[in-house]
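Here the structure is laid out as structure tokens; the discussion comes afterwards.
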Amino acid sequence: MLQQDIASGRLDHEELRSNFAQASPPLAPMQAVMESERCFYCHDAPCIQACPTSIDIPRFINAIGNGNPGGAARIILEANILGGSCARVCPTEILCEQKCVHNLLENGRPVRIGALQEYATDWQMAQGSQPFTRAEPTGRRVAVVGAGPAGLACAHRLALHGHDVSIFDSHGHPGGLNQYGVAAYKMADDFAAREVAFLLSIGGIVFEGGKSLGIDFTLDTLRQDYDAVFLAFGLGKSRSVGIEGEDLPGVMDALAFIEQIRTQVLSDIPVGRRVIVIGGGNTAVDAAVQARRLGADSVTLAYRRGPEQMSATLAEREWAQTNGVSVRFWSSPVKIMHEDGVLSAVAFDHTPLGQHDQAPRREVIPADMVLTAVGQLMDPGMVSAMHVTMRNGRIVVDDQYRTSLPGVYAGGDCTEGMDLTVAAVRDGRDAAQAIHAAFGQDRE
Amino acid sequence: MADLKTEFAGIRSPNPFWLASAPPTDKAYNVKRAFEAGWGGVVWKTLGEDPPVVNVSSRYGGLHHHGRKMIGFNNIELISDRPLAVNIAEIKAVKAAYPDRAVVVSLMVPCEEQSWRAILPIVEETGADGIELNFGCPHGMSERNMGAAVGQVPEYVEMVTRWCKQFTRMPVIVKLTPNVTDILMPARAALRGGADAVSLINTVQSIIGVDLDQMAPMPVVDGMGTHGGYCGPAVKPIALRMVGEIARDPGLAHLPISGMGGIETWRDAAEFLAMGASALQVCTAAMHYGFRIVQDMIDGLSAWMDEKGYQDIHALSGRAVRNYVPWNTLNLKFRTIAHIDQERCVGCGLCHIACEDTSHQAIAVGGVSGARRYDVIESECVGCNLCAHVCPVAECITMQPQPVDGHVTWREYEHSAERLAGCSVAHGV
């Protein structure tokens, strides 16, 4: 009988510790200054235009070079209160750093904007306080549903303006995908939790953990109890691949796998000897690399289309490959196979490179564990708990982040647009500004 | 290969690169290392009367700019703090060991005839090739009525130079301080006193920076600072001007000039030679990188001279002097305009914002569908060059001279009917 090899503790404690430490070491002060001096201080800089939160990048880099890291941090955090985690998780290679003019002079060597941002925000966090002071309380109350990047950014900005905020989240801790859904080595040393504490130190924000919309409270009650509501609960449900065998033991949602890594002792987390990850996004890469770093012997990342269509960036893909993940393109999963109910392999329709005019070949890759990362959907429970206008499975908002319900705003992954942390932060920040402005108009 | 051999005020050296009187030439140990590295000569660090001076601890300050260390440098060090006899013995030994190199001795003693009369024979006995009178040191020694305190009074310069010419057969080079309003005054005084040559510039009086914790000028000596002498690449423009001023003066035209002040590369060297120097001195660059830097100075200068067809130093020296003129001699009809090479442009926008905010609003922002493009509005461009200087990309913005329609100088234009009628001659308006 087939033995399915899924086990925890494949590596010793020391190896696990080093495998899940921060992958890219922070810049030392002298490195930061040297790197800052590479910046040309472009006018109307293309990097700013490429940043969803429009951080004034040349200005903060200049401040670092001038020995003013606190000023640099304030510039970043004024635009993006989660600048620390964005510095760690942003795909800068397709955002600010892609647009850096240094690419045109020395290809592939943009100014290391992300690393410099991390340097400045880390400096500020090490001071133990944030550089903002809350305005006098206004007495206005806002409910924020979802304590991920969008919800936190919105709460902070509202609190800054003196409004009282309650954040509801089904998880016991705030942070959302930053806390639960990103590879541990990107947010090492409890960074996400420390950043949330830093953010909440503005005051005026109450976290209501372990409470789910539609179960513990309803949108109607929020609308009655609060002056405004901001919905930022993300998507919540992983999409299924839609093939036979997905319910076999050993098949797991990649996000759940990542959450285990972020919340449990590393040596307790089971991982297959041979792992297949189905998907082509950053979640797939995070799951694949972490499976390797937990000690999986072989990890294959199978994506049904080619490198151009893959949503994981080239840098992410190369990161996977240097971590020993085998990336297979044009591999469309057909079914997850088993022997007597024990997961044994995944069958793919594979179209070899250059043979797209021919019928795909069937290919069977043996596996002990399958992680699926083919995108997320909005939790149907959430959808039925609200009566807001939806489109393509997401909440529809206008340019002021207003939903179809008066007083109800939304942003982040539960609305349409880029599913990026930095875009969620912008949504939260700008929705807060819209709510604040609406309060001002009420008064008049 | 171009011939770099130099004869300066009768002193021969295999190349024009001498180390200036300063810490690198304070001891035989350093000077031997310099000669081994290829330096053509040295001016030994200034000797004074015994007992020797006492130096303070903490002596140098650096001006660093955007990742470049020591673009400017200053010091509060005095002349040699070793006994005269020690220096004299070492000079003699070094000159004997390196007879083909120039060994010049810098001197500074009180402004009294007896002091100079006493020291000159002692120096002459070493076999040194010449002396350089330190009339330039702007700190410390000047408070004791030496150094720049002499150099700033033309009568003293002339008097001391004359004594030296009287009491020694050695060539006398007078080192000038830049801390004067008109460099021609001490240069003429030196010539009147019989100087064989001048050397310039000595350091510029300076405070290199302020220690904001100790609230004292740097370098800080036990909580206090004093002004120092400024040198390094940042002073090169000041030095070039003063060298050119002397070189173009009809009365001084035949006075040999040893040029110095911020020379760090062969190109700097070529510029000083072109502005009228016929020998060169270097200090800060050697203190920054070590003596090995002379190798590329020699190699680069030689290669460039070959490329340009200058066979020797004499052929090059002073070549730019005739083109160094008063402003009123420039052609008001000449016009140059900026040109942006769109292939090279990276779109940083620095040219635009510099021109827009601070100059002539002559660079327009263009580009369609997010592309960044900057274009010169030629009718608005006055040819100021600002954009070309702020552009971080080599040869992206070039200044393009336009066909010249005539020649009018201010001297010709000042009283012209055209001007008096209120219209502008420039740019054909």
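A single member of B:Val210, B:Val180 is of a type in the set (A, V, I, L, M, F, W, C) and open to solvent by less than 40 Å² (accessible area, probe 1.4 Å), and it is B:Val180. Taken over segment A:127-152, the residue count meeting the criterion of being more than 23 Å from A:Pro406 (Cβ to Cβ) and within 23 Å of the chain's Cα centre (by Cα) is 5. Scan segment B:346-377 residue by residue and report those that are among the hydrophobic types (A, V, I, L, M, F, W, C) and touching a strand residue (DSSP E or B) at 6+ places or on another chain (Cβ under 7 Å). Matches in segment B:346-377: B:Cys351, B:Cys355, B:Ala362, B:Ile363, B:Ala364, B:Val365, B:Val376, B:Ile377. Here the condition is being outside any loop (DSSP other than H, G, I, E, B) and either within 32 Å of the chain's Cα centre (by Cα) or farther than 30 Å from B:Leu273 by Cα (or both); of B:Cys384, B:Cys351, it holds for B:Cys351 alone.
Would segment A:261-282 turn up any residue that is assigned by TED's automatic domain parsing to the domain that holds A:Tyr185, outside any loop (DSSP other than H, G, I, E, B) and of a type in the set (Ser, Thr, Tyr)? No, that holds for no residue.
Somewhere in segment A:65-80, is a residue in a loop (DSSP other than H, G, I, E, B) and more than 14 Å from chain B (Cβ to nearest Cβ)? Among the residues of segment A:65-80, at least one is in a loop (DSSP other than H, G, I, E, B) and more than 14 Å from chain B (Cβ to nearest Cβ), which makes the answer yes. Residues in segment B:358-375 include at least one that is at pLDDT below 95, of a type in the set (A, V, I, L, M, F, W, C) and in a loop (DSSP other than H, G, I, E, B).
This table checks each residue for (1) over 25 Å from the mean Cα position of the chain (by Cα); (2) open to solvent by 40 Å² or more (accessible area, probe 1.4 Å); (3) at pLDDT below 95; (4) of a type in the set (S, T, N, Q).
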{"site": "A:Gln3", "(1), (2), (3), (4)": "yes, yes, yes, yes"}
{"site": "A:Phe40", "(1), (2), (3), (4)": "yes, yes, no, no"}
{"site": "A:Asp44", "(1), (2), (3), (4)": "yes, yes, yes, no"}
{"site": "A:Ala73", "(1), (2), (3), (4)": "no, no, no, no"}
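Among the numbered conditions (1) part of a loop (DSSP other than H, G, I, E, B); (2) within 28 Å of the chain's Cα centre (by Cα); (3) without any contact (Cβ under 8 Å) to a residue 12 or more places away in the chain, the only one that B:His389 does not meet is (1). Here segment A:321-349 is the region considered, the condition is being without any contact (Cβ under 8 Å) to a residue 24 or more places away in the chain and under 20 Å from A:Val251 (Cβ atoms), and the residue that is most open to solvent (accessible area, probe 1.4 Å) is A:Asp349. Only one of these is open to solvent by less than 20 Å² (accessible area, probe 1.4 Å), out of contact with any helix residue (DSSP H, G or I) (no Cβ under 9 Å at 6 or more places or on another chain) and at pLDDT 95 or above: B:Ile313, B:Ile337. Name it. Selected residue: B:Ile337, the only one of B:Ile313, B:Ile337 that is open to solvent by less than 20 Å² (accessible area, probe 1.4 Å), out of contact with any helix residue (DSSP H, G or I) (no Cβ under 9 Å at 6 or more places or on another chain) and at pLDDT 95 or above.
The one condition from (1) more than 21 Å from B:Gly259 (Cβ to Cβ); (2) small (Gly, Ala, Ser); (3) open to solvent by 50 Å² or more (accessible area, probe 1.4 Å) that B:Gly48 does not meet is (3). Considering each residue of segment B:74-87 in turn, at least one proves to be under 24 Å from the mean Cα position of the chain (by Cα), of a type in the set (Val, Ile, Thr) and open to solvent by less than 60 Å² (accessible area, probe 1.4 Å).
The condition (being over 26 Å from A:Gly236 (Cα atoms), open to solvent by 40 Å² or more (accessible area, probe 1.4 Å) and in the same structural domain as A:Val206 (by TED's automatic domain parsing)) is satisfied by just one residue among A:His173, A:His161: A:His161. Is it the case that A:Ala115 is hydrophobic (A, V, I, L, M, F, W, C) and either modelled with pLDDT under 95 or touching a His at 6+ places or on another chain (Cβ under 6 Å) (or both)? Considered against the rule, which asks whether it is hydrophobic (A, V, I, L, M, F, W, C) and either modelled with pLDDT under 95 or touching a His at 6+ places or on another chain (Cβ under 6 Å) (or both), A:Ala115 comes out as no.
Residue count for segment A:123-148 under the criterion of being over 16 Å from A:Ile81 (Cα atoms), crowded, with 19+ Cβ neighbours inside 10 Å and not small (Gly, Ala, Ser): the result is 4.
Residues of segment B:120-144 that are among the hydrophobic types (A, V, I, L, M, F, W, C) and touching a Lys or Arg at 6+ places or on another chain (Cβ under 8 Å): B:Ala128, B:Leu133, B:Phe135.
Considered as a group, the residues in segment A:94-143 that are aliphatic (A, V, I, L, M) and part of a loop (DSSP other than H, G, I, E, B) include one that is farthest from A:Cys42 (Cα to Cα), and that residue is A:Ala135.
Within the set A:Asn62, A:Asn103, A:Asn80, A:Asn68, the sole residue that is in contact (Cβ under 8 Å) with a residue 40 or more places away in the chain and either surrounded by fewer than 23 Cβ atoms within 10 Å (Cβ to Cβ) or within 17 Å of the chain's Cα centre (by Cα) (or both) turns out to be A:Asn80. For segment A:236-251, residues that are in contact (Cβ under 8 Å) with a residue 24 or more places away in the chain, under 20 Å from A:Ser332 (Cβ atoms) and of a type outside the set (Lys, Arg) total 9. Hey, any hits in segment A:415-423 for a residue that's part of a loop (DSSP other than H, G, I, E, B), surrounded by 17 or more Cβ atoms within 10 Å (Cβ to Cβ) and out of contact with any Ser or Thr (no Cβ under 7 Å at 6 or more places or on another chain)? Yes, there is a match, as at least one residue in segment A:415-423 is part of a loop (DSSP other than H, G, I, E, B), surrounded by 17 or more Cβ atoms within 10 Å (Cβ to Cβ) and out of contact with any Ser or Thr (no Cβ under 7 Å at 6 or more places or on another chain). Residues in segment B:51-70 that are of a type in the set (Val, Ile, Thr) and surrounded by 17 or more Cβ atoms within 10 Å (Cβ to Cβ): B:Val53 alone. Applying the criterion of at least 2 residues that are out of contact with any helix residue (DSSP H, G or I) (no Cβ under 6 Å at 6 or more places or on another chain) and over 25 Å from A:Gly295 (Cβ atoms) to the strands (runs of 3 or more DSSP E) found wholly in segment A:308-369 leaves A:331-339, A:342-350, A:361-366. Candidates B:Ser142, B:Ser80, B:Ser115: the one that is in the same structural domain as B:His227 (by TED's automatic domain parsing) and over 26 Å from B:Thr226 (Cα atoms) is B:Ser115. What residue, among those in segment A:29-58 that are more than 13 Å from A:Val111 (Cβ to Cβ) and assigned to a helix (DSSP H, G or I), is farthest from the other protein chains (Cβ to nearest Cβ)? Only one residue fits best here, namely A:Pro29.
For B:Met297, the conditions (1) of a type in the set (A, V, I, L, M); (2) over 22 Å from B:Ile11 (Cβ atoms); (3) under 19 Å from the mean Cα position of the chain (by Cα) all hold with the exception of (2).
Among the residues of segment B:343-386, those identified as over 20 Å from A:Pro58 (Cβ atoms), of a type outside the set (A, V, I, L, M) and either open to solvent by 60 Å² or more (accessible area, probe 1.4 Å) or within 12 Å of another protein chain (Cβ to nearest Cβ) (or both) are B:Glu343, B:Arg344, B:His360, B:Gln361, B:Ser369, B:Glu378, B:Ser379, B:Glu380, B:Cys384.
The values are calculated or read from the model by the stated rules, or taken from the named source; none is laboratory data. Just so it is clear, the model here is predicted, and its values are computed rather than measured. Every residue, glycine as well, gets a Cβ built from its backbone with ideal geometry; the counts of neighbours run over all protein chains shown. For the accessible areas, the whole protein counts, side chains as well, though only heavy atoms, and no ligand, DNA or RNA atoms are used. Shrake-Rupley method; radii C 1.70, N 1.55, O 1.52, S 1.80 Å.
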